[in-house]
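The values are calculated or read from the model by the stated rules, or taken from the named source; none is laboratory data. Everything numeric here is computed off the predicted structure, so don't read it as measured data. All Cβ positions, even for glycine, are placed from backbone atoms using ideal geometry, and neighbour counts span all protein chains on display.
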Amino acid sequence: MTLEEVLRMGKECLQQAGIPEPDWNAWYLFSYCFHLERGRYFLCSGETAAEENIRFYEELIQKRKSRIPLEYIIHETEFMGLPFQVNEQVLIPRQDTECLVEEVLKISEGKEILDLCTGSGCIGISLAKLGKCKSVTLSDISGEALATAGENARENQVEVRLIQSDLFESIPDSFDIIVSNPPYIPSGEWEKLMPEVREHEPKLALDGGGDGLVFYRSIIGKIGCFLRPGGSLFFEIGWNQGVEVSRMMVQAGFDHVEVKKDLAGLDRIVQGQYRK
Ligand code: GLN
């Protein structure tokens, strides 16, 4: 089989299985498996593919057919232009979350920052790499997630402190900035999620309880001991949670509470400053 035929086989297989964007998925796995960029592929698409590589490609295609997300198959993704390893113990970093990082970067200079529910570490590690923060602490309830975050910190050559903690339970200090993308999918909406998310991403990182707001409530409720007066809190939120999360923050003593949108124009961030 030529390389071109192998790629076509991958596309057809995914198409028949009803995988969204079969062309893109087949190409991405192909380029990973054969170590080929677009330009080089066009030069050598008529060459015979090695049997061993064809078998490996078929395995990757089978995995994608069973709705495993691309990122988990190749174990890596990009966030803020930086490389991140991922596995089924951590949420796959989303592009929407980059808006949150960009907001925090605006005021991060010289600050001590806590990334709560860090998962892969994408938020805190990007801040440590791209900002001029004084320190970054990453925390998560899952030891496996924290181990992944640690590897990502090493790969991106940033110094961070890792703390395994159920929200604030084992956090010993206070911070200038707390940022969090906590689980926020209302439990009742679980069944409506795409199979890639529902069957493969960690429920622990997604399920925000009955109304989806359990973690916001809990974090805001205890914020006084962990966010310094005048410090800032940044949350990623679901598109319809802005009003409620803002209300909770105002009630808990935050000023300048603002809801900001993502690139799709949906409410995505709530931020505010803790009263001095
Ligand atoms: N902080 C990580 C992210 O934004 C994980 C979030 C989570 O597990 N809820 O991707």
Practice task
State whether one or more residues within the stretch 39-55 are under 26 Å from the mean Cα position of the chain (by Cα) and over 30 Å from Ile177 (Cβ atoms).
Solution key: no
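Return yes when Ile141 is among the β-branched types (Val, Ile, Thr), out of contact with any Cys (no Cβ under 6 Å at 6 or more places or on another chain), within 9 Å of the ligand (Cβ to nearest atom) and touching a residue at least 40 places away in the same chain (Cβ under 8 Å) and no when it is not.
On the way: among the β-branched types (Val, Ile, Thr): yes; out of contact with any Cys (no Cβ under 6 Å at 6 or more places or on another chain): yes; within 9 Å of the ligand (Cβ to nearest atom): no; touching a residue at least 40 places away in the same chain (Cβ under 8 Å): yes.
Spelling it out, it is not the case that Ile141 is among the β-branched types (Val, Ile, Thr), out of contact with any Cys (no Cβ under 6 Å at 6 or more places or on another chain), within 9 Å of the ligand (Cβ to nearest atom) and touching a residue at least 40 places away in the same chain (Cβ under 8 Å).
Quick check on my filter: what residues within the stretch 125-148 are part of a loop (DSSP other than H, G, I, E, B), in contact with a strand residue (DSSP E or B) (Cβ under 6 Å, 6 or more places away or on another chain) and exposed (fewer than 15 other Cβ atoms within 10 Å of the Cβ)?
Filtering the stretch 125-148 down to residues part of a loop (DSSP other than H, G, I, E, B) leaves 131-134, 141-142.
From the residues that got through so far, the ones that are in contact with a strand residue (DSSP E or B) (Cβ under 6 Å, 6 or more places away or on another chain) too are 133-134.
Within the stretch 125-148, Lys134 is the sole residue that qualifies.
So that you can scan it fast, the table gives a plain yes or no per residue for (1) small (Gly, Ala, Ser); (2) more than 21 Å from Glu151 (Cβ to Cβ):
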{"site": "Pro93", "(1), (2)": "no, no"}
{"site": "Ser108", "(1), (2)": "yes, yes"}
{"site": "Gly121", "(1), (2)": "yes, no"}
{"site": "Ser126", "(1), (2)": "yes, no"}
{"site": "Cys133", "(1), (2)": "no, no"}
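Matching residues to (1) out of contact with any strand residue (DSSP E or B) (no Cβ under 8 Å at 6 or more places or on another chain); (2) of a type outside the set (A, V, I, L, M); (3) closer than 21 Å to Asn25 by Cα:
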residue	(1), (2), (3)
Ser66	yes, yes, yes
Ile74	yes, no, yes
Phe79	yes, yes, yes
Pro83	no, yes, yes
Val86	no, no, yes
Leu91	yes, no, yes
Arg94	yes, yes, yes
Thr97	no, yes, no
Practice task
State which residue pairs qualify: first residue polar (S, T, N, Q) and modelled with pLDDT of 95 or more and inside the stretch 24-42, second residue crowded, with 18+ Cβ neighbours inside 10 Å and part of a helix (DSSP H, G or I) in any location, beta carbons under 8 Å apart, and separation of 6 or more residues or different chains.
Solution key: Asn25/Leu14; Asn25/Arg64; Asn25/Leu70
Problem - Of the criteria (1) surrounded by 19 or more Cβ atoms within 10 Å (Cβ to Cβ); (2) within 17 Å of the chain's Cα centre (by Cα); (3) under 19 Å from Cys99 (Cβ atoms), which one Gln241 fails - result: (2)
Handout entry: Search result, residues across the stretch 149-167 that are touching a Ser or Thr at 6+ places or on another chain (Cβ under 9 Å) and either in a strand (DSSP E or B) or surrounded by fewer than 14 Cβ atoms within 10 Å (Cβ to Cβ) (or both)
Key = Glu159, Arg161, Leu162, Ile163, Gln164
Practice task
Could you look through the stretch 93-107, keep only residues that are away from the ligand (no atom under 13 Å from the Cβ) and in a loop (DSSP other than H, G, I, E, B), and pick out the one that is farthest from Phe79 (Cα to Cα)?
Solution key: Ile107
Fill in the blank from the handout: Pro83 passes all but one of the listed conditions (1) surrounded by fewer than 17 Cβ atoms within 10 Å (Cβ to Cβ); (2) touching a residue at least 40 places away in the same chain (Cβ under 8 Å); (3) closer than 21 Å to Lys203 by Cβ; the exception is number (3)
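Of the residues Phe235, Phe215, only one is crowded, with 20+ Cβ neighbours inside 10 Å and in a strand (DSSP E or B); which?
Values: Phe215 fails: in a strand (DSSP E or B).
The unique qualifying residue is Phe235.
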Handout entry: Every residue from the stretch 108-119 that is within 13 Å of the ligand (Cβ to nearest atom), at negative phi and not β-branched (Val, Ile, Thr)
Key = Leu114, Asp115, Leu116
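Hey, any hits in the stretch 55-64 for a residue that's surrounded by 21 or more Cβ atoms within 10 Å (Cβ to Cβ), among the hydrophobic types (A, V, I, L, M, F, W, C), away from the ligand (no atom under 16 Å from the Cβ) and farther than 30 Å from Pro229 by Cα? Even if it seems obvious, please write down each step before you answer.
Applying the first criterion (surrounded by 21 or more Cβ atoms within 10 Å (Cβ to Cβ)) to the stretch 55-64 yields 57, 60-61, 64.
Filter again for among the hydrophobic types (A, V, I, L, M, F, W, C), leaving 60-61.
Narrowing further to those that are away from the ligand (no atom under 16 Å from the Cβ): 60-61.
Among the residues that remain, those that are also farther than 30 Å from Pro229 by Cα are: 60-61.
Taking every residue of the stretch 55-64 in turn, at least one turns out to be surrounded by 21 or more Cβ atoms within 10 Å (Cβ to Cβ), among the hydrophobic types (A, V, I, L, M, F, W, C), away from the ligand (no atom under 16 Å from the Cβ) and farther than 30 Å from Pro229 by Cα.
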Completion exercise
Taking the stretch 33-66 and keeping residues in a loop (DSSP other than H, G, I, E, B), more than 14 Å from Thr2 (Cα to Cα) and charged (D, E, K, R) leaves Glu37
Practice task
Could you please let me know if Phe175 is modelled with pLDDT of 95 or more, among the hydrophobic types (A, V, I, L, M, F, W, C), more than 14 Å from the ligand (Cβ to nearest atom) and closer than 18 Å to Leu138 by Cα?
Solution key: yes
